[in-house]
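The values are calculated or read from the model by the stated rules, or taken from the named source; none is laboratory data. All values derive from a computational prediction rather than experimental measurement. Cβ: placed from backbone, ideal geometry, glycine included. Neighbour counts: every protein chain shown. We work out accessible area using only protein heavy atoms, side chains counted, and drop any ligands, DNA or RNA first. Shrake-Rupley method; radii C 1.70, N 1.55, O 1.52, S 1.80 Å.
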Amino acid sequence: MAGKIILVTGGARSGKSSFAEKLAAEMGTSIGYIATAQIYDEEMRYRVKLHRERRPSTWQTWEAPFEAEKAIAEAAKSHKVLLFDCLTLYLSNHLCRILYDELTDEVAYRIVEEQIGALVKAAQTAAGQGTSTIFVTNEVGAGIVPENKLARLYRDASGLSNQRVAAAADDVYAVIAGIPVNIKKLNACLVQEKDG
């Protein structure tokens, strides 16, 4: 049986990671966790600590701030469910590797195409082998236009990244105030109703 690709999105503290963890646990017992965070300060250290404490000790973790497509391929060999948390951190890891003066729209879009494209391809291969991948991401473009170039590029690249994964996903959940809604299924129902 083929696996699935699932995208879980939402704003900060929306409950998206908690929902994705519950969803993964409902889908199976053999779970691989792809962690993309890099710890640079105490705030991030605390956030990572909370995530670690919430996860069952039986889940196997791959630390993959870069080349996460390799972690997906490796984890899929021994797990039927993968939880990737999160796309926006992964994207920021790549954007922050580029010198500020060299970071342009073109470079940011190329990173999305290459790095996020590689993740989608790895998840599609895993799905063909019967492993489902749940991607967690952030919605960062709903506020005001940021005043600096890096923040604008990050916002735009995040939106493109989310669209890229959503297009390949079987299900896309938006989590608002802890309440998940499968917007891909909702969209399909609305289209069917309109056409019917």
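Summary of computed values
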item: Matching residues in the range 144-196 - criterion: being farther than 25 Å from Gly128 by Cβ and among the aromatic types (Phe, Trp, Tyr); result: Tyr154
item: Residues being more than 17 Å from Val136 (Cβ to Cβ) and open to solvent by 100 Å² or more (accessible area, probe 1.4 Å) - total across the range 54-66; result: 2
item: Filtered residues of the range 126-143 (kept if in contact with a helix residue (DSSP H, G or I) (Cβ under 7 Å, 6 or more places away or on another chain) and either among the β-branched types (Val, Ile, Thr) or open to solvent by less than 60 Å² (accessible area, probe 1.4 Å) (or both)); result: Ala126, Thr131, Ser132, Thr133, Ile134, Phe135, Val136, Thr137, Asn138, Val140, Gly141
item: Any hit, the range 102-123, residues being modelled with pLDDT under 95, surrounded by 15 or more Cβ atoms within 10 Å (Cβ to Cβ) and part of a loop (DSSP other than H, G, I, E, B); result: yes
item: Contacts under 8 angstrom Cβ, first residue in the range 181-192 being within 22 Å of Leu23 (Cα to Cα) and free of Cβ contacts under 8 Å to residues at least 24 places away in the same chain, partner among the aromatic types (Phe, Trp, Tyr) and not in a helix (DSSP H, G or I), 6 or more apart; result: Val181/Tyr173; Asn182/Tyr173; Ile183/Tyr173
item: Set Tyr109, Tyr90: member being touching a residue at least 24 places away in the same chain (Cβ under 8 Å), within 25 Å of Val175 (Cα to Cα) and either touching a Ser or Thr at 6+ places or on another chain (Cβ under 8 Å) or among the aromatic types (Phe, Trp, Tyr) (or both); result: Tyr90
item: Strands (runs of 3 or more DSSP E) completely within the range 1-93 that count 2 or more residues being out of contact with any Asp or Glu (no Cβ under 8 Å at 6 or more places or on another chain) and among the hydrophobic types (A, V, I, L, M, F, W, C); result: 81-85
item: All positions within the range 14-43 that are out of contact with any Pro (no Cβ under 8 Å at 6 or more places or on another chain), among the aromatic types (Phe, Trp, Tyr) and surrounded by 15 or more Cβ atoms within 10 Å (Cβ to Cβ); result: Tyr33
item: Residues satisfying the stated conditions in the range 126-138, i.e. out of contact with any Ser or Thr (no Cβ under 8 Å at 6 or more places or on another chain) and within 19 Å of Tyr33 (Cβ to Cβ); result: Gln129, Gly130, Thr131, Ser132, Thr133, Ile134, Phe135
item: Residue list for the range 144-196, filter: assigned to a helix (DSSP H, G or I), of a type in the set (Asp, Glu) and open to solvent by 90 Å² or more (accessible area, probe 1.4 Å); result: Glu193, Asp195
item: Test: residue in the range 7-27 that is under 21 Å from Gly117 (Cβ atoms), of a type in the set (A, V, I, L, M, F, W, C) and modelled with pLDDT of 85 or more; result: yes
